[in-house]
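Down below is the structure, laid out as structure tokens.
The values are calculated or read from the model by the stated rules, or taken from the named source; none is laboratory data. Source: prediction; values computed, not measured. Every residue, glycine as well, gets a Cβ built from its backbone with ideal geometry; the counts of neighbours run over all protein chains shown.
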Amino acid sequence: MEKFEPQTDEHVASIRSAIEPGTRKAACLLQWGPVETLLTPEVTLNTARDLMAAAAHAEADIAFLQWCRDTLKVDQNTAGHMLLDIRAGRPAPGDKVALRIEAVAGAKTNQPIVRVGRGSMKGDLSPNEARQMARHWTEAALAAQIDVRLRYVLGEQPGLAPEDIEQIFTKLQGLHR
């Protein structure tokens, strides 16, 4: 598995506000290796929510396994089966998301992991990295919604051509990087 290490662009899933061509609706552009897709702000926010939930689940799963071993003196295999039963009772979110997201309790490492993927891209995150990613995705979704409204207002200003507005947003996006 690839780790999310910001060494090259291929290892980093980036997301930023965008607009949907043609409709001019709010969108978020996901870029990760060969993956490039436009997402709705709703899907982006759903993904952020699931990243946060997976981080919490992964940490809780590790704590549960540790408690089973230390307090109940249960072997690893039995504790693992108990955890699977608990996970089966967790409600599965049904909303559309942009990534495959899975909470993992690293049995060998005893570390919580959030496993993410889309298409051929995949990676493992620590819970804190998943939370940081979720915050960034939330910001991108909110920025996309604000940007569409700001573009509308700027378009109403006399003397500003569509090219001028695009130049303003290109400069603004460059500041955020």
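Out of curiosity, is G94 more than 17 Å from the chain's Cα centre (by Cα), loosely packed, with under 14 Cβ neighbours inside 10 Å and either at pLDDT below 95 or within 27 Å of T170 (Cα to Cα) (or both)? Step through it out loud before you land on a result.
On the way: more than 17 Å from the chain's Cα centre (by Cα): no; loosely packed, with under 14 Cβ neighbours inside 10 Å: yes; either at pLDDT below 95 or within 27 Å of T170 (Cα to Cα) (or both): yes.
No, not satisfied.
So, in region 30-74, how many residues would count as being touching a residue at least 60 places away in the same chain (Cβ under 8 Å), hydrophobic (A, V, I, L, M, F, W, C) and surrounded by 17 or more Cβ atoms within 10 Å (Cβ to Cβ)?
Residues meeting the conditions: 9.
Could you look through region 137-156, keep only residues that are surrounded by 15 or more Cβ atoms within 10 Å (Cβ to Cβ) and charged (D, E, K, R), and pick out the one that is farthest from S14 (Cα to Cα)?
It comes out as R151.
Could you tell me which numbered condition P21 fails, if it satisfies all but one of (1) assigned to a helix (DSSP H, G or I); (2) closer than 30 Å to Y152 by Cα; (3) without any contact (Cβ under 8 Å) to a residue 12 or more places away in the chain?
(1)
Scan region 109-145 for residues that are touching a residue at least 40 places away in the same chain (Cβ under 8 Å), in a helix (DSSP H, G or I) and not charged (D, E, K, R) and report the count.
Going through region 109-145 one residue at a time, the tally reaches 14.
Within region 94-105, count every residue that is within 20 Å of K122 (Cβ to Cβ) and either among the hydrophobic types (A, V, I, L, M, F, W, C) or in a loop (DSSP other than H, G, I, E, B) (or both).
Here the count works out to 8.
Identify all residues within region 21-30 that are of a type outside the set (G, A, S) and touching an Asp or Glu at 6+ places or on another chain (Cβ under 8 Å); write none if there are none. It would help to see each step written out before you state the result.
Quick first cut of region 21-30, residues of a type outside the set (G, A, S) only: 21, 23-25, 28-30.
Once the filter is applied, which keeps residues that are of a type outside the set (G, A, S) and touching an Asp or Glu at 6+ places or on another chain (Cβ under 8 Å), region 21-30 yields L29, L30.
Specify which of the listed residues (E59, E10, E42, E5) is assigned to a helix (DSSP H, G or I) and at pLDDT below 90.
E10
Among the charged types (D, E, K, R) and at pLDDT 80 or above: which single residue out of E139, E156 fits that description?
Details: E156 fails: at pLDDT 80 or above.
It is E139.
Restricting to region 90-108, name every residue that is free of Cβ contacts under 8 Å to residues at least 24 places away in the same chain and either within 18 Å of I62 (Cβ to Cβ) or polar (S, T, N, Q) (or both). Explain how you work it out, then say what you get.
Here is the first cut: in region 90-108, the ones free of Cβ contacts under 8 Å to residues at least 24 places away in the same chain are 91-92, 94, 100, 108.
Answer for region 90-108, where residues must be free of Cβ contacts under 8 Å to residues at least 24 places away in the same chain and either within 18 Å of I62 (Cβ to Cβ) or polar (S, T, N, Q) (or both): just K108.
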